[in-house]
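Nothing in this text is a laboratory measurement; each read-out follows from the coordinates by a stated rule. Keep in mind that what you see is a predicted model, and the values were worked out from it rather than measured. Cβ sites come from the backbone with ideal geometry, for glycine too, and all protein chains shown count toward neighbours.
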């Protein structure tokens, strides 16, 4: 199970559909408090976090998860329109495994990086359906 945390309903739902199409179960939540509840109850294979969310941003959420030890061993990947070096350094300090900039490589890059993290020995990249891979969210 992959947990997608993004306040953008369309982007989160699209990513969940793409992951399910390639055989990866996934769930989408839109708020940090929902993510915390989910992670207290279940251990996902990975978490995809958006940086900019209302109330609690992705870095604040990751810091809270690490401080609470709710997700110490869960790999986290950021998927954000932000590409600033300070945010990336903070994400690395909090042991995020990857940072993919929205729009840079699109859905195929995101899904590929995510699968590299959860399936490190998988060599083939899944083909992301063309119809949905062209839809980008900022």
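Computed quantities for the displayed model
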| read-out | value |
| --- | --- |
| Alpha-carbon gyration tensor eigenvalues x 5, square-rooted, for segment 2-133, Å | 21, 16, 15 |
| Using distinct alpha-carbon pairs, which all enter the 1/r mean, Kirkwood radius of segment 23-64 in Å | 10.9 Å |
| Relative contact order of segment 2-133, pairs being alpha-carbon contacts under 8 Å that are 6 or more residues apart, as % | 22 percent |
| Tensor-based shape of segment 62-117 (alpha-carbon gyration tensor, a/c under 1.5 rounded, otherwise prolate or oblate) | oblate |
| Highest to lowest packing among 4-11, 18-25, scored as the average C-beta count within 10 Å | 4-11, 18-25 |
